[in-house]
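A short write-up of the structure that comes next.
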Amino acid sequence: MYDYLVIGGGIVGLSTALSLHQKYPQARMAVVEKEKQWASHQTGRNSGVIHSGIYYKPGSLKAELARKGSQSMVHFCQEYGIPHEVCGKVIVAVDDTEKENLTNLYKRGLKNDLAVRKLSKSELLEIEPHVNGVEGIRVPSTGIVDYQKVTEKLADLLGDRGVDLLSSTKVTNIEEDENEAVVDTTRGTLKTRYLVNCAGLHSDRMAKLAGMYTDVKIVPFRGEYYEVKKEKSYLVKNLIYPVPNPEFPFLGVHLTRMMGGGIHAGPNAVLSLKREGYHKLAFDMKDTVDVLSFEGFWRMAASNLKEGMKEMKRSFHKKSFVKSLQRLVPEIEEDDVVPTHSGVRAQALLKDGKLVDDFFVFPGKRSIHVCNAPSPAATASLEIGKVIANKVPSVVTTKMYM
Ligand SMILES: Cc1cc2nc3c(=O)[nH]c(=O)nc-3n(C[C@H](O)[C@H](O)[C@H](O)COP(=O)(O)OP(=O)(O)OC[C@H]3O[C@@H](n4cnc5c(N)ncnc54)[C@H](O)[C@@H]3O)c2cc1C
């Protein structure tokens, strides 16, 4: 019998496991991951940006945990020698019509306690000489890191603490009562006094298996990237972002220097017909029926049809994708970019068709479920872990707690 069992070997699951074990060092704990490798899904397929927290509504969990989390992430990387860089980024208004939204974003940055700076056109060009912009914002606390490396370090630390790390083990059923959760896996049945669900793209299904009913469903949105060819990588020094449309804040491709080298452009956002579908034509019947039979999806689709079509066009039509990049850096041409990896976002959607904006965590009888941890959850992961560890009751039968 375990005291705590965490489902999900992404950065949120492993950060939570570490915080829990730091709080209850005597706890018998396990992390269960269906893939052979840690960080196989969202965590290992993202933009690798340590976000500052500028975009998020002041007072939201996202704003608070991104700000604190970006600092903890940098400290963690410093402590364990994980390559990272706090290089800062610029957000660019490409014409006068974007100035108002840029100013509103700048004010939001100040409200979120960030040391943001407004940039004139000439100041912008000093930082990013090839950018097209009439004004900008510099966000100095933004950084870059490889989240796969961070996750692997978290796994090492958990292994050193004696936590059972059960990879290649898929959870297939959960029975929960007042005292324990019985978790069936592809490698046998495990019992735990308390269960933590950090299953990302499958977190709503895990919650349902545990008997929890909510009106949210995970809808998978694929984000596709291009890589800028080496000989043109001089066009981007660090990170260049567009001003987000306040109605669709997670749309808008950006240019990002990657920690492993190279410049990535993207991601777009298209509905994926498979939760872990990394190719344009990836399809899974169960995942597709799940989305199409959800009334929230149709409501969202009806009110966002135009933007959805634009994203689809950008996905299948390289020229359209490159056009979005040229708004930011006009010298980039179609031949300068080649397709590279993609990732799928686990975005929770409500029955009324609205996206769940903030991180969403709720308790069961003997469990807690993280059912919305999209960007900036990799940045915020160490802080999300602490928040969850503080929400989880003490169930350890031995006496020594920290
Ligand atoms: C394209 C893209 C770009 C992004 N860019 C950034 C960025 O630059 N900065 C940032 O901070 N955030 C970014 N994000 C968001 C960030 O990557 C995620 O918020 C974060 O990785 C979520 O971590 P997680 O552990 O919750 O999920 P995941 O990494 O998806 O981990 C969940 C794990 O649960 C496992 N699992 C699922 N079902 C089961 C089961 N039945 N049994 C056992 N295991 C199971 C999965 O295999 C998976 O490994 C981006 C996301 C995407 C998709």
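FYI, it's all coordinate maths here, none of it is from the lab. All values derive from a computational prediction rather than experimental measurement. Positions of Cβ are backbone-derived with ideal geometry, glycine not excepted, and every protein chain shown enters the neighbour counts.
Structure values in brief
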item: Beta bridge orientation in the chain: antiparallel %, DSSP, nearest 5; result: 70 percent
item: Theoretical ellipticity at 222 nm over the chain - DSSP helices of four or more residues, -39500 (n - 2.57) apiece, nearest 500; result: -10000 deg cm²/dmol
item: Top of Ala27, Ala302, Ala380 by mean-square fluctuation, Gaussian network on the chain, Cα under 10 Å; result: Ala302
item: Filter on Lys365/Lys391; Lys229/Lys280; Lys237/Lys310; Lys89/Lys149; Lys191/Lys286; Lys354/Lys391 - keep pairs with C-alpha separation over 24 Å; result: Lys237/Lys310; Lys191/Lys286; Lys354/Lys391
item: Residues with amide H under 5 Å from that of Asn372, placed H, sequence gap 5 or more; result: Phe360
item: Cα shape, segment 80-144, gyration tensor, a/c 1.5 rule; result: oblate
item: Spatial separation of Cα centroids for segment 221-269 and segment 154-172, in angstrom; result: 33 Å
item: Top positive-direction residue, dipole computed over the chain with Cβ charges, set Pro330, Asn104, Cys87; result: Asn104
item: Surrounding net charge for Lys232, when Lys and Arg each add one and Asp and Glu each subtract one, Cβ distance under 11 Å; result: -4
item: Vicinal HN-Hα couplings computed from phi for segment 344-349 (Karplus, 6.51 cos²θ - 1.76 cosθ + 1.60; Hz; Gly/Pro x); result: 10, 7, 8, 10, 7, 10
item: Three-way shape label, segment 1-152, alpha-carbon gyration tensor, a/c 1.5; result: prolate
item: Distant-in-sequence amide H partners of Val6 (H built 1.01 Å from N, under 5 Å); result: Ala30, Val31, Val32, Val196
item: Per-selection Kirkwood Rh - the chain (Cα, Å, 1 d.p.); result: 21.8 Å
item: Placed amide H near Gln347: partners under 5 Å, 5+ positions off or other chain; result: Val219, Phe221
item: Residue range of the chain that is longest and free of trypsin sites (Lys or Arg not before Pro) which are both DSSP loop and sparsely packed (at most 10 other C-beta within 10 Å); result: 37-398
item: For the chain, size of Cβ-based charge dipole, Lys and Arg +1, Asp and Glu -1, in debye; result: 220 debye
item: Centre separation in Å (Cα based) which lies between segment 95-116 and segment 335-402; result: 27 Å
item: Test item: Cα-centred dipole of segment 301-352, Lys/Arg +1 and Asp/Glu -1 on Cβ, debye; result: 320 debye
item: ³J(HN,Hα) computed for each position of segment 163-169 - Karplus, 6.51 cos²θ - 1.76 cosθ + 1.60, integer Hz, glycine/proline x; result: 6, 6, 9, 9, 7, 6, 10
item: Calculated from backbone phi, Karplus (6.51, -1.76, 1.60) coupling profile of segment 236-241 in Hz, x at Gly/Pro; result: 10, 7, 9, 10, 10, 10
item: Segment 194-263: radius of gyration over Cα atoms, expressed as a fraction of 2.2 N^0.38 Å; result: 1.67
item: Given charges at beta-carbon only (K, R positive; D, E negative), |dipole| of segment 1-123 in Debye; result: 220 debye
